[in-house]
Amino acid sequence: MKFTFVTLFENLVSPYFEDSILKRAIEKDLLSIEFFNPRDFTTNKHSKVDDYQAGGGAGLLLNAQPLFDTLKKIRHTNPNAYFVFPAPAGKPFVQADAKRLAKKENIVFVNGRYEGIDERVVEEFANEIFSIGDYVLTGGELASCVMSDAISRNISGVLGNEDSLSEESFEGMLLEAPSFTKPATFESKTTPSEFLKGNHAKIANLKNKMAKLKTQYFRPDLYARSCTK
Ligand code: SAM
C-alpha cells in the first residue's frame, strides 16, 4: 500500500510514520508514503495557494489550480490512485472503511486547510469524502493520519499478531471485552478468576458476555445495531 499525502505541511504527517508499528511496516515494504505540496504546482508569481471565497464569506480557501494540477499529475502517474478527501461534511469514517480501504494499492489523502477546498477539485477527484468526527480541525492532516493508521492495521503483515484484529472493538459490532495483565491482584483489584484458570472456551464465553455488557453501557447505539444484524 502506498499512502500519498497532498499537503502544505508535510512535517505534520511524516513524523507519525517514524516510530513503532508504522515505521516497521515501512521497513518491511508493506507500506510506503509520499508527499506532494500543492505550492510546488502554483502558476502564479508568489506561489499563492489560497484565495478569497467567491461571493464572500469568512476566511480563505485553497484555490483550484494548484490542487487540481497536483492531483492530475498523481492520477496521470497512477490511474488506480484512490482519492480520499477528509472533510467535516464527509460520511463518518468507521472500521469497515478501514478494512475495505486496506485492499487499495494507493490512497491519496487530499488535505484541506483554511476554510477548505474549492469544490470543483472535490467534484473532479474525490472517490470518497470522510469525516473523523463532528468537530472542525484546522486541517486534514490529523484526519489523514487517523485514517491511514486505522487502514494500516488491516494490511496483512503489519500487526505482529493478526489474531488481535479479530478480537478488537467493532468486530461483530461489539467493543472489546475488558483486558487484564499480571499481577492477578493489583491495588486490591483482582482479575476475573475465570481468566486465570486456563479454560479457553470458558474465557471466550465470559469475554463475549463482558463485551456485550460493555457495549450496552458505553455504546448503546452500537449495541442496538449489533442486535439487529
Ligand atoms: N469550513 C469548513 C467547514 O465548515 O466544513 C472547515 C474547514 S477546516 C477548518 C480545514 C480542513 O480541515 C478541511 O478542509 C478538512 O480537510 C479538515 N477537517 C476539518 N475537520 C475535519 C473533520 N472533522 N474530519 C475530517 N477532516 C476535517
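The values are calculated or read from the model by the stated rules, or taken from the named source; none is laboratory data. Quick caveat, the model's predicted, so the values are computed rather than measured. In this analysis, Cβ positions are derived from the backbone assuming ideal geometry, glycine residues included, and neighbour counts consider all displayed protein chains. Just the protein is used for accessible areas: all its heavy atoms, side chains included, with ligands, DNA and RNA removed. Shrake-Rupley method; radii C 1.70, N 1.55, O 1.52, S 1.80 Å.
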Largest to smallest principal axis extent of the C-alpha atoms in segment 169-227, angstrom: 35, 26, 13
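With charges only on Cβ, +1 for K and R and -1 for D and E, what is the dipole size of the chain about its Cα centre, in debye, rounded to 20? Let's see the in-between values first.
Values: 29 positive and 30 negative charges, 175 e Å.
For this selection, approximately 840 debye.
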With Cα coordinates, the longest principal axis of the chain makes an angle with the long axis of helix 141-152, in degrees rounded to 10, of 50
What whole-number distance in Å separates the alpha-carbon centres of segment 20-62 and segment 155-214? 40
Using modelled backbone amide H atoms (1.01 Å from N, in-plane), which distant-in-sequence or interchain residues come within less than 5 Å of residue 31's amide H? 26
Of the trypsin sites (Lys or Arg not before Pro) in segment 78-137, those whose Cβ has at most 14 other Cβ within 10 Å and which sit in DSSP loop: 103
Listed residues 160, 57, 116; largest mean-square fluctuation, Gaussian network over the chain with Cα springs below 10 Å, found at 57
Charges on Cβ only, +1 for Lys and Arg, -1 for Asp and Glu, centred on the Cα centroid of the chain; of 92, 191, 31, which one is farthest towards the dipole's positive end? 191
Given the protein chains as shown and a 1.4 Å probe, how many square angstrom of residue 19 are accessible, to the nearest 10? 110
Scattering profile of segment 22-147 from the Debye formula, Cα beads only, expressed as log10 I(q)/I(0) at q = 0.11, 0.16, 0.20, 0.22 Å⁻¹, is -0.41, -0.85, -1.26, -1.45
Two-decimal log10 I(q)/I(0) for segment 1-74, as the Debye equation yields it once each C-alpha is a single scatterer, q = 0.28 Å⁻¹: -1.22
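Take the Cα atoms of the chain, build their convex hull, and give its volume per residue in Å³. Could the numbers behind the result be given before it?
Numbers: hull volume 41.1 nm³, N = 229.
Convex hull of Cα atoms, per residue: 179 Å³.
Could you give the accessible area per residue of the chain, probe 1.4 Å, as a whole number in Å²?
Numbers: 13720 Å² over 229 residues.
Accessible area per residue: 60 Å².
What is the sum of charges, Lys and Arg at +1 and Asp and Glu at -1, for the other residues whose Cβ falls under 14 Å from the Cβ of residue 213? Walk me through the numbers on the way to the answer.
On the way: positive: 207, 209, 212, 214, 219; negative: 176.
Residues close to residue 213 contribute a combined charge of +4.
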Using just the helices of the chain, give the 222 nm mean residue ellipticity in deg cm²/dmol: DSSP H runs with n ≥ 4 each add -39,500 (n - 2.57), and the total is spread over all residues, rounded to 500. -10500 deg cm²/dmol
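How many percent of the accessible area of the chain is carbon or sulfur, using a 1.4 Å probe? Intermediate results must be reported in sequence, preceding the final value.
Working: 7260 of 13720 Å².
For the chain, the apolar C and S fraction of the accessible surface comes to 53 percent.
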